[in-house]
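The values are calculated or read from the model by the stated rules, or taken from the named source; none is laboratory data. Remember, it's a predicted structure, so these values are computed and weren't measured experimentally. Methodologically, a virtual Cβ is constructed for each residue, glycine included, from the backbone with ideal geometry; neighbour enumeration extends over all protein chains shown.
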C-alpha cells in the first residue's frame, strides 16, 4: 500500500512538472511567434522613412547636378556644390546606418531588396557627381570609392567608418562613397570590371588609383595626400 | 558566421525565456503550497544539536533563540557539541548554560560532522527529530513548530529545510548576500516542489532521526556534510521538504576574501558530491522521490555553467580588442546625437521584443519572489540591491564556482587514492 502511495506521489510530481514545462513551451512559442509578427510590422514601418530619406537625398543630389551643369568651374558654384556634397555624404551615411539596423531582423518585407538597389544608385550618382566636381573645380576635392561584398567583411565595416572620419576631418574635401557588390546592378558590375575588383575592401581614389586590402586611418590619409596635398588633414 | 550568430541568439533567448517562464509558473504554485491546517496534538521530541568552533559570545544568541522558541517546553533538548579546537571564549559561553538544562558535550573530536555524529550517537535521549543548528545562527521562534508539519503531512520525509536569511545585514556585502539568500529561498522551495532539493542547509534543518540512522549519519570526511547527507537521504528514498515560513538567520562573511573562502568550500563540496553520487542520482529506480529529469538538468546546467567564466573572458577580450582597434584607427569618437537615437530605433527587431519580454517577466518574477518572502517590497531599494546581486555579484561567485569545480576534481582524486 505504502509503495503504491509513494509511486502515486512520484507520478503526481512528474505529471505536474511535465504540465508546467509544456505550458511554458507553449507560452514561449506564442511570445516568439508574436515577436516575429511585431518584428515584421516594425520592419515595414521603417520602410517609409528610409525611402523618404533616399528620395530627399536623390532630390538634393539632382539639384546639385543641375547647379553643376549650369555653372560649373566657377569660384561661386564650386564651394557651394562642395558643401552640398558634404551634406549629402553625411545623409548617405545616416541612411546606410538606418538601413543596416532595419535589415537586422527576420523575416524582412520584400521592399528591402529594392531599397538596397535604390541606395546603390544614389551612391553611384553621388560618386559620379563628386568626380565631375573634382575635374571641374581644379582638383580642390578628392573622391574615394570603396567596394564591399554582400557577405561578412569586418575590415570593410572598419574602413567605412575610417573613411567617414577622414571625410569629416578634411572638412568634406575628401568625399568617400561605399558601394555594395552583388546587388545585380549592371553599373556596379561594369565598375568592378574596370577596376578589376577581386578582393575586399578595395579603394579607388579620384577614379584612378586602385588600392586593394584594408587600410588604416593613417594609410588612408597618406594615400589621399599623395594625390592632393592641400587638404587640411595633410598638414599634421 | 552571421547565420550562426543569429541562430545562436534565437536559441539562447528562447531558452532564457523558457527558463524564466517555467520558474515563474513553479513559483505561482510554490507560494500557495504550504498549509497550516494540520493541528499537531502531540508535538514530537526534538534534539537541538549545536556544534561549536570559534563562535564566541554569539553562541549565546543561538541558544537563546532556541530557548525563546514557541515549541512546547519539555519537548526539546539542547546539546552543545565542543570541538577539540573550540576556543576558550566559546567554551566559557557554552558552560555558562549548564544550569539551564542544556547538555554540553566535550567531544575531543575535530570536525563538525564528527562532533554531530558523536553527540547524536552517544548523548541523545528519546528524541525523534534532530534540529541541526550552527553556533553562528539563530532561529525564529516558530521555526521548529513549522518544520515538524511536513513530517505529519507526507510519508518518508527525511529532512525539512528552513528558509535561511542573513542576520541583521547592514554593510553592502551583507546586503548583497541578503538578496542572494532571498532568491535561494525561492529556488530551494521550487526545487523541493520538483523533488530535486539537493541541499538542506546546516543552520536550522530538521532531520528525521530514524532516517538519519538508516542513511548512516553524517559523512565525517565531507567538506559539505549537510549537502552530502541530503543527497544520501534522497538516494535512500526519503523526501527533502522545505518550509518557507520556518526561518533561520546566519552570520554572513564580512569581507570578500572570507566570502570567497566560504563559497569555495561550498562549491567544492557541491561538485564533489554531485560527481560522487552522479550515477545514483541519475539512474532510474522504482518508488523514489527524486525527479531524475530535473536532476539530470541540474547536473548538466552545473557543468555547462562552468563555461560561463571562460565565455565571459572571451567576450571581454573580443570587445576590448575591437575597442582598442577602433581607438587606434578612428580615435575616440563618442557621439550621442539625434542620429544615434534614430539608428537605435531602426535596429529594433523581433529579438529586441523577445529580450524586452524576457526582462519584463524576469523583473516581475524577482518582485513576485521578494513580495512573497519579504511580505513587502520597496521597488527602489529591493530593485537596486537585486540588480547589484544579479549584475555584479554573480561574476564574483563564478570565480569561486570554477575554482570549486577544479578543487572538487582534486578531492575526487584524493578520495579515490585513499580508497585504493
Between B:318, B:336, B:309, which is modelled with pLDDT under 80 and surrounded by 10 or more Cβ atoms within 10 Å (Cβ to Cβ)? B:309
Quick one: is residue A:171 more than 30 Å from residue A:80 (Cβ to Cβ) and in a loop (DSSP other than H, G, I, E, B)? no
Within region B:104-129, how many residues are free of Cβ contacts under 8 Å to residues at least 40 places away in the same chain and on the phi > 0 side of the Ramachandran plot? 1
Of the candidates B:176, B:185, the one satisfying the condition of being assigned to a helix (DSSP H, G or I), out of contact with any strand residue (DSSP E or B) (no Cβ under 9 Å at 6 or more places or on another chain) and in contact (Cβ under 8 Å) with a residue 60 or more places away in the chain is B:176
Residue among B:416, B:343 that is more than 14 Å from chain A (Cβ to nearest Cβ) and either modelled with pLDDT under 90 or at positive phi (or both): B:416
Residue hits (region B:190-209; farther than 17 Å from residue B:277 by Cβ and at pLDDT below 95) are B:190, B:192, B:193, B:194, B:201, B:202, B:203, B:204
Go through A:53, A:100 for me and flag whichever is modelled with pLDDT of 90 or more, within 13 Å of chain B (Cβ to nearest Cβ) and assigned to a helix (DSSP H, G or I). A:53
Elements of type strands (runs of 3 or more DSSP E) in region B:11-126, at least 2 residues being surrounded by 13 or more Cβ atoms within 10 Å (Cβ to Cβ) and more than 29 Å from the chain's Cα centre (by Cα): B:102-109
Residues (surrounded by fewer than 24 Cβ atoms within 10 Å (Cβ to Cβ) and within 17 Å of the chain's Cα centre (by Cα)) located in region B:144-164: B:164
I'd like to check something: does region A:70-80 contain any residue that is away from every other protein chain (no Cβ under 14 Å) and at positive phi? yes
Based on this model, can you work out whether residue B:281 counts as over 22 Å from residue B:392 (Cα atoms), at pLDDT 80 or above and in contact with a helix residue (DSSP H, G or I) (Cβ under 7 Å, 6 or more places away or on another chain)? yes
Among the candidates B:409, B:391, B:397, single out the residue that is assigned to a helix (DSSP H, G or I), exposed (fewer than 15 other Cβ atoms within 10 Å of the Cβ) and either modelled with pLDDT of 90 or more or under 18 Å from the mean Cα position of the chain (by Cα) (or both). B:409
Tell me, yes or no, whether region B:131-143 has at least one residue that is out of contact with any strand residue (DSSP E or B) (no Cβ under 7 Å at 6 or more places or on another chain) and crowded, with 19+ Cβ neighbours inside 10 Å. no
Could you tell me which numbered condition residue B:348 fails, if it satisfies all but one of (1) surrounded by 15 or more Cβ atoms within 10 Å (Cβ to Cβ); (2) in a helix (DSSP H, G or I); (3) within 14 Å of chain A (Cβ to nearest Cβ)? (2)
From the list A:67, A:143, which one is surrounded by 19 or more Cβ atoms within 10 Å (Cβ to Cβ) and away from chain B (no Cβ under 14 Å)? A:143
Residue count for region A:103-134, restricted to those that are under 30 Å from residue B:352 (Cα atoms), more than 14 Å from chain B (Cβ to nearest Cβ) and free of Cβ contacts under 8 Å to residues at least 12 places away in the same chain: 3
Here's a check for you: in region B:1-10, which residue that is at the interface with chain A (Cβ under 9 Å from one of its Cβ atoms) and part of a helix (DSSP H, G or I) is nearest to residue B:88 (Cα to Cα)? B:10
Quick test of your reading of the structure: residue A:143 fulfils all but one of (1) within 25 Å of residue A:61 (Cα to Cα); (2) assigned to a helix (DSSP H, G or I). Name the failing condition by number. (2)
Looking at this structure, is residue A:89 farther than 30 Å from residue B:9 by Cα and either more than 12 Å from the chain's Cα centre (by Cα) or at pLDDT below 90 (or both)? yes
If I filter region B:77-97 for residues that are touching a residue at least 40 places away in the same chain (Cβ under 8 Å) and within 14 Å of chain A (Cβ to nearest Cβ), do I get at least one hit? no
